[in-house]
Amino acid sequence: MKTTQPPRTVHRPATGRSPALDLRSLQKTHGKGRQAVTALHGIDHAIPSGSFTAVMGPSGSGKSTLLHCAAGLERPTSGSVTLAGQELSGLSERQLTLLRRDRIGFVFQDFHLVPALSVAANVALPLRLAGRRPDPHRLEELLSNVGLLDKRNRRPAELSGGQQQRAALARALVTHPEVVFADEPTGALDRASGRDVLKLLRDAVDDLGTTVVMVTHDPQAAAWADEVLVLADGRLVDRLTGPDVSAETIAARMAALGV
Amino acid sequence: MFFLVLGTLRTRLWQYAGVLVVVVMSAALVTTLTTVLDRVHRVSAEGGAENAAGSLLGLVGGTSGLTAWLLVVNTMSLVVQQRRREIGALRTIGATSRQLRLEIVGEALAISLAGAAAGSGLGLAAAGPALTWLIRNGVLEPGPTSGLSLPGFTAGVLCTTGIAVLAAWAATNGPMRISPIAALRESEVERRTMPTGRAVGALVMLGLAWAAWDWYGRRSGPHEAINGTMALCLLLILGAWLLLPLLVRPIAALSTLPGRLLSRYSGTLAAANSAAATRRVAAMAGPVLIAAGLSAILLCGNSVSRQTDSRPTVVSASPQTTAPTTAPEKANKPTPAETRQQQAQADTRQERNAVGLRILMLPLITFSAIGILNTLLLATRRRRQEFATLRLTGSTRGQLLRMLGWESAAVALTGLSAATAVVTISLAGLASRLPLPPPDLLPLLPWGQLAQVALGCAALGLLGVLIPGVLVLRVHPSQVARAE
């Protein structure tokens with residue numbers, strides 16, 4: 001997917017704020033014995049609250065594993081993950097589930113909306129799962145922000161890919177999460193739809209103060225972030241901030257890695 | 001979770017169509033049986049007739065209930081597998097395993113309550129004609145009259161709902177333990193052929209089979225030997241059903257060998273598909289095993305009991321496995337008049353056995369046919385995207401249908417092989433306990449009927465794969481790919 005270059009003025013400095021996500025000596029090994037593969041080799045990094053971070057790297061570099069460990073979907077082999085002041089390693093599976101429900105939002109490449117539910121019901125789902133009644137005004141506002149108010153009663157199969165992804169983004173934001181994790185959110189979209197989704201993610205950071213961590217292969221998409229982390233072979237090999245966060249620079253760095 | 005249950009049921013009712021049909025039929029059957037028993041109970045002063053009716057109808061209800069439970073578990077497992085990615089997404093955004101389990105059990109409860117109410121209504125309506133038929137055929141003594149029965153209706157609704165809820169609970173046991181990320185990876189290859197719970201369940205069933213066989217072994221007489229064989233076979237079928245994933249790979253390799261030799265592309269693909277999806281093939285072969293195994297052992301049991309009944313000096317008791325009898329269990333040096341009387345009684349018993357067998361076989365065969373077709377239809381339909389990919393990469397419809405044909409051969413052969421093994425073990429056990437050496441037992445078996453059962457199951461298996469396959473392949477592959 002190719003998106004147009006985002007406006008440079010929206011970038012904020014990615015330092016000087018309390019970390020929303022703190023990764024310390026994060027290591028993850030899949031499998032055991034001879035079949036063991038180390039996906040992450042001791043990652044140390046803090047992501048400030050209210051920032052937009054893109055994670056890039058070649059296939060197999062550990063991007064998705066980093067995202068899964070940071071979101072409490074996978075347990076690291078060693079090291080620690082602290083999300084909004086909460087250390088994840090000591091939490092049970094149920095506590096992790098509740099943490100994801102209340103404090104984390106997810107956006108996937110394949111949208112993963114529930115096909116049986118309408119757009120509005122899909123967006124309200126995390127609140128319903130928590131036993132809370134969604135505020136109709138809040139729901140309306142959210143659907144309006146993502147441009148789906150007139151499609152609130154449609155089912156996912158009746159929407160385009162871009163519309164489905166915007167519905168998924170509204171679902172991710174409905175609980176006012178501290179961190180939104182997005183795994184290739186524009187990977188299955190055309191240029192215009194991808195740009196809409198990236199703008200909404202950017203707005204969530206700028207207007208709502210949400211922290212966004214996005215895995216992407218696309219330098220154009222990564223250019224919407226405040227900070228770009230580059231992974232290779234499970235190691236953090238580069239970090240771009242400020243004026244370096246442009247599609248050209250990112251593409252050049254990735255090319256240097258042989259991607 | 002009520003809104004999620006309602007939303008899912010509204011849009012995916014077709015997934016539950018098979019469960020609904022089995023539930024309606026089970027409820028109708030249980031209600032009919034309980035109503036008949038209730039009516040017999042009302043006129044029976046001493047309980048002899050009631051016991052006789054209870055013995056037969058209990059066996060019909062038990063066998064059919066077990067079959068219904070296995071079929072609903074099988075269908076629910078496929079429904080849960082089909083929603084694997086949705087379950088993964090819901091767990092990722094914060095649904096707990098308990099919430100998701102309640103959702104699926106709630107769906108099963110809603111479907112089964114609707115189906116059970118309708119089925120029990122049908123059962124009440126059918127109880128009168130059933131009672132008349134049973135009396136006319138001499139299975140029940142004259143006396144009971146038809147009429148409504150509250151216990152019958154209640155038993156129908158409660159038993160069937162219970163069966164469906166327990167089946168849904170059992171089917172959701174494994175999938176909820178998978179991590180959300182693993183569930184999201186649709187294409188993830190099955191890593192473990194046998195989950196620990198399934199292996200433990202199989203061992204428990206084999207242990208129970210041994211215990212039941214041992215228990216019946218301490219009692220003498222052909223009646224107990226046949227009863228023991230039935231119990232052994234039922235438990236072995238359950239054990240084999242759980243062990244099926246282990247059998248799939250070697251049997252699939254064998255059964256697709258002709259395919260690999262005759263049509264290299266489709267045969268090789270069928271072999272690879274069957275070997276890579278052992279649990280799916282096991283789920284498809286399960287109803288074949290149940291149908292073939294139960295039908296075969298009932299036919300063999302009936303045939304052996306008929307033959308042993310016609311030898312009054314050898315057999316002293318009528319087997320109650322396939323039909324009740326009130327005949328005295330004595331055979332002390334009969335006079336010619338007594339011999340004629342015994343012969344007449346034996347003839348009556350044979351007639352009743354035949355009626356009893358028909359009562360047993362009808363629901364069993366119907367359930368099994370529905371189970372086989374429904375399971376295969378669900379399993380084949382969910383592979384639409386795989387078929388679309390193969391079509392887009394150049395496979396012709398004919399090649400894919402041939403591939404499905406070889407795959408259905410693997411499914412039918414897996415189910416039939418397991419059924420053959422179970423029935424052979426059970427009959428070997430029976431031969432060891434009857435005063436008949438195994439060579440004498442073999443001619444007593446109804447080979448023609450057994451061949452019909454095997455052919456029927458194989459034909460249902462083939463149709464169950466090919467019909468949905470033809471329907472899916474009629475759609476243009478690009479449309480299928482977009483729809484997913």
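Inside the stretch A:128-157, residues that are at the interface with another protein chain (Cβ under 10 Å from one of its Cβ atoms) and assigned to a helix (DSSP H, G or I) make up a count of 3.
Before we move on, is A:SER89 part of a loop (DSSP other than H, G, I, E, B), surrounded by fewer than 24 Cβ atoms within 10 Å (Cβ to Cβ) and more than 10 Å from chain B (Cβ to nearest Cβ)? Talk me through it step by step, then tell me what you get.
Numbers: part of a loop (DSSP other than H, G, I, E, B): yes; surrounded by fewer than 24 Cβ atoms within 10 Å (Cβ to Cβ): yes; more than 10 Å from chain B (Cβ to nearest Cβ): yes.
Spelling it out, A:SER89 is indeed part of a loop (DSSP other than H, G, I, E, B), surrounded by fewer than 24 Cβ atoms within 10 Å (Cβ to Cβ) and more than 10 Å from chain B (Cβ to nearest Cβ).
Just checking, does the stretch B:200-210 include any residue being at pLDDT below 80, out of contact with any Gly (no Cβ under 7 Å at 6 or more places or on another chain), assigned to a helix (DSSP H, G or I) and under 25 Å from B:ARG249 (Cα atoms)? Checked the stretch B:200-210: no residue is at pLDDT below 80, out of contact with any Gly (no Cβ under 7 Å at 6 or more places or on another chain), assigned to a helix (DSSP H, G or I) and under 25 Å from B:ARG249 (Cα atoms). Pairs meeting the criteria (first residue in the stretch B:168-192 and surrounded by 12 or more Cβ atoms within 10 Å (Cβ to Cβ), second residue at pLDDT below 75 and of a type in the set (Asp, Glu), beta carbons under 9 Å, at least 6 apart or on different chains) are B:ALA182/B:GLU188.
Might you let me know whether the stretch B:79-90 holds any residue that is of a type in the set (Val, Ile, Thr), in a helix (DSSP H, G or I) and within 21 Å of the chain's Cα centre (by Cα)? Break it down into steps so the answer makes sense when it comes.
Within the stretch B:79-90, the subset of a type in the set (Val, Ile, Thr) is B:79-80, B:87.
If we keep only those that are in a helix (DSSP H, G or I) as well, we get B:79-80, B:87.
Next, only the ones that are within 21 Å of the chain's Cα centre (by Cα) stay: B:79-80.
Scanning the stretch B:79-90 turns up at least one residue that is of a type in the set (Val, Ile, Thr), in a helix (DSSP H, G or I) and within 21 Å of the chain's Cα centre (by Cα).
Taking the numbered list (1) assigned to a helix (DSSP H, G or I); (2) surrounded by 21 or more Cβ atoms within 10 Å (Cβ to Cβ); (3) among the polar types (S, T, N, Q) in turn, A:SER193 passes all entries but (2).
Restricting attention to the stretch B:72-119, which residues are among the aliphatic types (A, V, I, L, M), within 14 Å of chain A (Cβ to nearest Cβ) and either within 17 Å of A:ARG128 (Cα to Cα) or surrounded by 21 or more Cβ atoms within 10 Å (Cβ to Cβ) (or both)? Spell out how you get there, then give the answer.
Narrowing the stretch B:72-119 to residues among the aliphatic types (A, V, I, L, M): B:72-73, B:76, B:78-80, B:87, B:89-90, B:93, B:95, B:100, B:102, B:104-105, B:108-111, B:113-114, B:116-118.
Imposing the further condition that a residue be within 14 Å of chain A (Cβ to nearest Cβ) reduces the set to B:79, B:87, B:89-90, B:93, B:95, B:100, B:102, B:104, B:110.
B:VAL79, B:ILE87, B:ALA89, B:LEU90, B:ILE93, B:ALA95, B:LEU100, B:LEU102, B:ILE104 - these are the residues of the stretch B:72-119 that are among the aliphatic types (A, V, I, L, M), within 14 Å of chain A (Cβ to nearest Cβ) and either within 17 Å of A:ARG128 (Cα to Cα) or surrounded by 21 or more Cβ atoms within 10 Å (Cβ to Cβ) (or both).
Among the residues of the stretch B:10-30, the ones that are within 14 Å of chain A (Cβ to nearest Cβ), surrounded by fewer than 21 Cβ atoms within 10 Å (Cβ to Cβ) and within 25 Å of the chain's Cα centre (by Cα) come to 3 in all.
Considering the stretch A:93-127, the residues that are more than 7 Å from every other protein chain (Cβ to nearest Cβ) and small (Gly, Ala, Ser) include one that is surrounded by the most Cβ atoms within 10 Å (Cβ to Cβ), namely A:GLY105. Of all residues in the stretch A:207-234, none that is of a type in the set (Lys, Arg) has its Cβ atom under 9 Å from the Cβ atom of a residue that is part of a helix (DSSP H, G or I), 6 or more apart or on another chain.
Restricting attention to the stretch A:55-77 and to residues that are of a type in the set (S, T, N, Q) and over 12 Å from the mean Cα position of the chain (by Cα), the residue that is nearest to the other protein chains (Cβ to nearest Cβ) turns out to be A:THR65.
The values are calculated or read from the model by the stated rules, or taken from the named source; none is laboratory data. Since this is a predicted model, take the numbers as computed values, not measurements. In this analysis, Cβ positions are derived from the backbone assuming ideal geometry, glycine residues included, and neighbour counts consider all displayed protein chains.
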